[in-house]
Amino acid sequence: MAPSTAPTLSSSRPLILWLLSTCFLIWLMIMVGGATRLTHAGLSIVEWKPITGIIPPLDQAQWLVEFEKYKQFPEYKLINQGMSLSSFQFIYFMEYGHRLLGRLMGLWFMIPLVFFWMRNCLTPTIKKRALIALFLGLAQGFMGWYMVKSGLAKDPSVSHYRLTAHLGLAIALYGLLFWTALQLMHVSSKTTTKPEPPIIAQLSLLSCAAITLTILYGALVAGLKAGLIYNTFPLMEGQFIPAEWAFYHPIWLNFLENAAMVQWLHRWLALSTVGLVLYTAWKTVRLSPNKHTHTIAYLFASLALVQATLGVLTLLFQVPVRLGTLHQGTAVLLLSLGLYLYFIGKMRQNL
């Protein structure tokens with residue numbers, strides 16, 4: 001499987017499986033991270049020990065030590081005063097599972113990477129992207145702790161900017177590996193297809209940008225706990241735009257720090273994105289000569305409607321853990337379909 005020879009599907013399959021399985025773990029990590037946040041478990045482990053932290057407390061004495069550490073910080077003093085040890089153990093294991101999955105994901109990516117590199121299985125492009133992925137993974141881990149650290153100060157609430165950066169790095173890492181896997185599948189495929197009109201690539205790329213922006217605004221909503229206010233739809237307590245939309249000065253701060261305005265922006269970004277995705281799917285089905293492309297377009301449109309429905313239900317029911325987690329995970333799946341449709345349009349428009 002040397003990179004100097006033309007790759008085939010069989011020769012590229014181990015690389016494709018490695019990249020896609022890593023993408024799955026990143027997606028799972030995003031889901032677990034969402035559940036950790038929604039169960040208010042993110043501040044339960046007050047130290048960052050990348051190596052020794054892989055071992056959890058093993059007996060009652062060790063649990064009491066960890067519990068005493070937690071009691072020294074504002075979340076216990078201001079919110080969880082009087083919490084039982086069993087309740088602490090639940091939130092601890094939620095955060096521990098999130099961190100453990102991150103470590104396992106790093107090993108899952110690193111060990112095959114070393115093997116493929118030493119066997120000369122990687123092209124120069126894949127080597128460069130693998131190094132970028134390693135950097136993003138390390139930055140993601142650091143940002144996770146930097147985010148947690150912001151909630152261990154006076155206010156037991158993490159910075160919504162750091163939360164957004166934490167999720168944004170995960171999305172960037174996922175997108176890089178997913179795109180690389182798509183390219184490997186395309187190069188090794190022998191399937192013949194008809195050319196796609198350029199508009200498909202253009203619209204799908206625009207859709208991906210809109211989905212990404214909506215996801216990042218969703219992170220701001222989460223960080224500001226903005227999903228717990230104005231739990232009505234489509235209006236916000238009978239108003240199109242919340243009365244306090246211009247509470248902060250200068251005005252632009254409201255687009256980033258005003259919980260009501262951030263929620264309003266997330267709503268309308270989401271609805272606009274759904275409209276764009278539906279239009280993209282309609283144009284694709286109407287103009288593409290390939291049935292496979294039609295199928296992806298139908299899936300793209302259908303999942304956009306599912307995601308919008310999940311978003312509305314999450315809002316109306318005040319962000320229950322299962323709905324909120326599913327809403328976050330489905331957003332990544334929607335982005336994946338958008339990237340795939342963009343890839344199809346881009347690779348086939350010059351055939």
Point to revise | Some residue of the range 66-81 being among the basic types (Lys, Arg), part of a helix (DSSP H, G or I), within 30 Å of Gln183 (Cα to Cα) and touching a residue at least 12 places away in the same chain (Cβ under 8 Å) | key: no
Review point. For the range 278-306, what are the residues that are open to solvent by less than 20 Å² (accessible area, probe 1.4 Å) and touching a Leu at 6+ places or on another chain (Cβ under 8 Å)?
Key: Thr280, Thr284, Thr293, Ile296, Ala297, Phe300, Ala301, Ala304
Check your understanding: Which of the residues that make up the range 52-96 are under 17 Å from Phe142 (Cα atoms) and surrounded by 12 or more Cβ atoms within 10 Å (Cβ to Cβ)?
Key -> Gly53, Ile54, Glu95, Tyr96
Review point. Has the range 163-177 got at least one residue that is small (Gly, Ala, Ser), without any contact (Cβ under 8 Å) to a residue 24 or more places away in the chain and more than 24 Å from Tyr279 (Cα to Cα)?
Key: yes
Review point. Quick one: how many residues across the range 50-74 are charged (D, E, K, R) and closer than 29 Å to Met105 by Cα?
Key: 3
Check your understanding: Going through the range 221-249 one residue at a time, which ones are open to solvent by 70 Å² or more (accessible area, probe 1.4 Å) and among the polar types (S, T, N, Q)?
Key -> Gln239
Study note, to complete from the structure: Of the conditions (1) of a type in the set (Gly, Ala, Ser); (2) open to solvent by 60 Å² or more (accessible area, probe 1.4 Å); (3) within 25 Å of the chain's Cα centre (by Cα), the single one that Gly218 does not satisfy is (2)
Exercise for review: Please tell me if Trp252 is out of contact with any helix residue (DSSP H, G or I) (no Cβ under 9 Å at 6 or more places or on another chain), at pLDDT 95 or above, open to solvent by 10 Å² or more (accessible area, probe 1.4 Å) and under 25 Å from Asp155 (Cα atoms).
Suggested key: yes
Practice item. Output the residues belonging to the range 211-251 that are in a loop (DSSP other than H, G, I, E, B), aliphatic (A, V, I, L, M) and without any contact (Cβ under 8 Å) to a residue 24 or more places away in the chain. Key: Leu235, Ile241, Ala243, Ala246
Review point. Of (1) more than 30 Å from His294 (Cα to Cα); (2) in contact (Cβ under 8 Å) with a residue 60 or more places away in the chain; (3) surrounded by fewer than 18 Cβ atoms within 10 Å (Cβ to Cβ); (4) touching a helix residue (DSSP H, G or I) at 6+ places or on another chain (Cβ under 7 Å), Thr193 satisfies all except one. Which?
Key: (1)
Point to revise | Cross-chain or 6+ apart pairs with Cβ under 6 Å, the range 259-275 first and more than 17 Å from Val306 (Cβ to Cβ), then among the charged types (D, E, K, R) and outside any helix (DSSP H, G or I) | key: Ala260/Glu244
Review point. Condition test on Ile126, is it crowded, with 17+ Cβ neighbours inside 10 Å and among the β-branched types (Val, Ile, Thr)?
Key: yes
**Study point:** Single match in Val306, Val312 (criterion: farther than 23 Å from Ile26 by Cα, under 24 Å from the mean Cα position of the chain (by Cα) and part of a helix (DSSP H, G or I))
**Key:** Val312
Check your understanding: Is it the case that Gly324 is of a type in the set (Gly, Ala, Ser), open to solvent by less than 40 Å² (accessible area, probe 1.4 Å), at pLDDT 95 or above and farther than 30 Å from Tyr248 by Cα?
Key -> no
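The values are calculated or read from the model by the stated rules, or taken from the named source; none is laboratory data. Treat the numbers as computed from the prediction; the structure is a model and nothing was measured. Methodologically, a virtual Cβ is constructed for each residue, glycine included, from the backbone with ideal geometry; neighbour enumeration extends over all protein chains shown. All accessible areas refer to the heavy atoms of the entire protein, side chains included, with ligands and DNA or RNA removed. Shrake-Rupley method; radii C 1.70, N 1.55, O 1.52, S 1.80 Å.
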